[in-house]
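A short reminder: the numbers here are calculations on the coordinates, not readings from a lab. Predicted model only: the values in this text are computed from it and were never measured. Methodologically, a virtual Cβ is constructed for each residue, glycine included, from the backbone with ideal geometry; neighbour enumeration extends over all protein chains shown.
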Amino acid sequence: MASRTETRTVMNPLDYDYSSFFYSSSDDPFAILEPYNEWYNAAVPEGYYLFAQAMATPPDGRILLTEGKHHERLKLLNLSSYNYLGLSSRAEVIAAAKAALDQYGLGAAGSPILSGTMEVHVQLEEALAKFKKKEAVMVFPTGYSTNVGLISGIMRPGDWIIADQNSHASIVDGAILSKAEVRFFRHNNPADLEKKLQKAHGKKTLVAIEGVYSMDGDVCPLPDLVAVAKKYGARILLDEAHSAFVYGANGRGVAEHFGLEEEVDMHVGTFSKALGGQGGYVAGSRNLYNYLKGFARSRVFSCALSPVVTAGVLTSLGLAQREPQLRAQLWKNVAHIRAKLEENGVDIGQSTSQVIPIMVKNDRRVFELGHKLLRAGLYLQPIIYPAVAKHRSRFRVSISAAHTTEQLDEGVAILVKVLREEGILV
Amino acid sequence: MSTSKEGYVQYHYRDAIGGFFEFPTENAKAILPPELQPIEPHHGSSVLSVMAFDFHNSPVGDYGELILSILVAPRIEHGQPMPRSAFFPFRLGTTTRESREHAIERWHLPHYMKDIGISWVRGDGHITIHSTDSGEPIVDMTVTEHEWSNVEHRYQAFMNDEDGAYTSTIIMAGQFSENEEERGGITIHSQAMTDLLADWDVDVTPFRELWMRNGLQTFHPLQTLASYAKR
């Protein structure tokens, strides 16, 4: 018979994660801080230092970054930033931002419904509405606040929100704030969406989905999802944070790609990905705009987007429209790196977009690999549970139109070398 | 006999499998003591844990056990070892009367009061249990394997009955595999042991599958609680 198991459990920080510290057992809300920090201080040197390392340059193909373990500044190839069309540091964008700084000053100094709306905000909303072929566009300070304000602005207790299980936190948090009944359907699964819609029993219902999912880089089956949602009379919110200005013949996103722009009720997007700036928007009807003006609290009670950023985004939008070759170059780059990765047997999951997961599927090894990639000159972010399912850890590659073929080849060469050395690739 | 003087009780198992299934939190809250907070992998969704054990060399001999639990927030205290997760078992079925009486008396675990049958089907990379009551199916569940490693995991269980509220730490040591590949499945049949689940809208695919084998389950001494968790 085995001897009694020791009562002491040696704490390996990688046995735990952020989700382990949501609750404590005390009446004092600060009681969780000590056990959390005990874990966090042990977890940082084990790999958590790879998160939030400070960059000293624009998020271009080559960056300078202060590595988090030894605080050493490294020159790296960057395959991590969202700068899909390479507009973040375009000369025209910077010039527009500088001119706005001279004209308006640094900040808006007010809520958009009070004194914070400046002419450049109106120009951006009008230009984007024209581009999206919608009656109106409302700009928010961030992408996160867009979904939070939109969903909590229109949905009420007793209503139903049915969202894809891989929905972004902003959709989830907006749904929570609305106090509506919330259900999640299995990722990209129209049959499960229908099962959940049947449970709504005819209540006011919103279906929330995304164009491209940020962790897997897969595209939603929009025609099937729209058909199911319409069958049950549900309204549709499509978040195109990672697909607007990238997908569709004119860059209007996955809805344009599938020819379903009219069927989607609310088109959400961000300026922080393809346009290289910051902020978010919802495009839809004028009636929706007018209502949200009063009820989208995340916008009403925030300072308006900085006019400096707004002017830069407005210029980025113009460039994205006038230079379709940027999208063409992006897709050429995506095709190139996909072919190289597949040729080397790298597992990229179900991605069909510019967001390409490099599947490691080993939660303990992903930090060690991240460190080796960094030391080999490649900046890639590890993605671990709870951001993705357990044992589906990965690195996330984000491709930009501004990447050169040489940069992409160099990135693949480093990646394949490290994955082979570490036995992830055979 | 595997009971130590200090009150630690050991149960050796050949296989232990588990599946975590989402279901609406409103159903979880209906049976949880108010002091216990259900874990929500998604807002509004709690976790039904279905576990099955194939025990040998226990204080009550060889037996099988089917456990229905809800995942709840563990008690985390500074300076104390951290549990991996915590469970509120709300219905257990065992294959022998002796094991059932032992678990009720010793651990205050709520049982289905008839002997059940559990058959194990071990396949290539997957394992299935079929549980029955007098030949009528209760639960059929399949889990799949991932990479195996030797572990010693700490869990908490919270129990209550008419006499009070209790907790125990449980250490699971042995070979362990878990995955979130969504390859397993469950069929919950309409039956007296599963009557509570009839309207729960439980997902039929586990978002997490666990498989432990050749292991040892050690219950730490039972603690009586003034309330489940001060929070």
Going fewest to most other Cβ atoms within 10 Å around each Cβ, B:His43, A:His71, B:His108 line up as A:His71, B:His43, B:His108
In nanometres, what is the gap between the two model label sites at A:Ser26 and B:Ala192, each 7 Å from Cα along Cα-to-Cβ?
4.8 nm
With the crude spin-label approximation of a point 7 Å out along Cα→Cβ, what separation in nm comes out for A:Val44 versus A:His71?
1.0 nm
Helix-only estimate, please: 222 nm mean residue ellipticity of chain B, summing -39500 (n - 2.57) across DSSP H runs of length 4 or more and dividing by its residues, to the nearest 500.
-2000 deg cm²/dmol
Binned Cα-Cα distances of the protein assembly as shown, short to long, each 20 Å bin given as a whole percent
17, 47, 30, 6, 0
For a footprinting-style exposure proxy, rank B:Val143, B:Val9 by other Cβ within 10 Å, fewest first.
B:Val9, B:Val143
When the Kirkwood hydrodynamic radius is evaluated over all pairs of different C-alpha atoms of region B:9-225, what value in angstrom, to one decimal, is obtained?
17.4 Å
Looking at B:Val121, B:Pro74, B:Gly215, which one has the Cα that reaches farthest to the positive end of the dipole of region B:9-225 (charges on Cβ: Lys, Arg +1; Asp, Glu -1)?
B:Gly215
The farthest towards the positive end of the charge dipole of the protein assembly as shown, of the residues A:Ile94, A:Asn287, A:Val264, given +1 on Cβ of Lys and Arg and -1 on Cβ of Asp and Glu, is A:Ile94
Quick one: compute the contact order of region A:91-322, relative version, from alpha carbon pairs under 8 angstrom and 6+ residues apart, as a percent.
31 percent
Extension length gain for B:Trp148 and B:Ser119 (0.36 nm per residue less Cα distance), in nm, is 8.1 nm
Dipole magnitude of the protein assembly as shown, debye to nearest 20 (Cβ charges: Lys/Arg +1, Asp/Glu -1, about Cα centre):
1720 debye
From the cross-link list A:Lys273/A:Lys361; A:Lys134/A:Lys340; A:Lys204/B:Lys29; A:Lys134/A:Lys203; A:Lys199/A:Lys293, the entries with a Cα-Cα span beyond 29 Å are A:Lys134/A:Lys340; A:Lys199/A:Lys293
Length-normalised contact order of chain A, Cα under 8 Å, at least 6 apart, in percent, tallies to 21 percent
Least to most buried among A:Tyr16, A:Tyr247 (fewest other Cβ within 10 Å first)
A:Tyr16, A:Tyr247
Relative contact order for region B:150-231 using alpha-carbon pairs under 8 Å, separation at least 6, rounded to a whole percent?
40 percent
